[in-house]
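S.K.: I have a structure I would like to understand better, so I am pasting it below and will then ask my questions one at a time.
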Amino acid sequence: MKITCDRISDKVAVAQIEGDIDGEKAHEAAELLGRWFEEIPGCDVVLEMAQVPYIDSTGVGVLLELWRSAAARGTKVSLCHIQPGVRKVLEVTKVAKFFTILDDAG
C-alpha cells in the first residue's frame, strides 16, 4: 500500500491511495491517514481511490473513522474515482451515504 498526501489549498487536502484496504493493510492505512489528518486541521479531505481495487469491512472501518474524525472537527471527507467493486461494498454496507462521491479530485 502506498499513500501520498498533499495539501492543495488552505481548505482542501488530497490523499492518493494505492493498493487494497483490507485486513492486512487497514492498520497501516489508519495509522498513516490518522497521523496526516492531525497535521491538516480545518481542511476537507479528498481520498483519491482510483488505485484501490479492493476494500473489506476492516477498510470500511478505516473510512468511517476518518469520517467521524472529520465530523468532530467540522470538516468532511470525500471519495474520488472509486473503483466499481469498492463502490459496491460502500453501497451494500450503507457507508457511501456518509461521503461525498466525486468523479474528479479538483
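S.K.: Rounded to the nearest 5, what is the percent of antiparallel bridges among the DSSP beta bridges in the chain?
M.R.: Beta bridges within the chain, antiparallel portion: roughly 30 percent.
S.K.: Before anything else, pin down the relative contact order of segment 2-102: Cα pairs under 8 Å, at least 6 apart, normalised by residue count, whole percent.
M.R.: 27 percent
S.K.: Ok, one more. Which listed residue (Ile17, Leu102, Ala71) has the Cα farthest towards the positive end of the charge dipole for the chain, taking +1 on Lys and Arg C-beta and -1 on Asp and Glu C-beta about the Cα centre?
M.R.: Going by the Cα projections, it comes out as Ala71.
S.K.: Students often forget the sequence filter, so: which lysines lie under 17 Å Cα-Cα from Lys2 once same-chain residues fewer than 8 apart are removed?
M.R.: Within reach: Lys25.
S.K.: Taking Cα centroids, how far is segment 9-26 from segment 31-93 in Å?
M.R.: If you average the Cα positions of each part, the centres end up 7 Å apart.
S.K.: Nearest 20 debye, what's the magnitude of the dipole of segment 2-102 about its Cα centre given +1 on Lys and Arg Cβ and -1 on Asp and Glu Cβ?
M.R.: Roughly 440 debye for segment 2-102.
S.K.: Next up: Only one of the listed values, [x] 1.28; [y] 1.13; [z] 0.92, was derived from the coordinates as Rg/Rh (Cα atoms, Kirkwood Rh); which label is it?
M.R.: Checked against the structure: label [z].
No lab work stands behind these numbers, since they all come straight from the coordinates. A quick note: this is a predicted structure, and the numbers were derived from the prediction, not measured. Cβ atoms come from the backbone with ideal geometry, glycine included; neighbour counts cover every protein chain shown.
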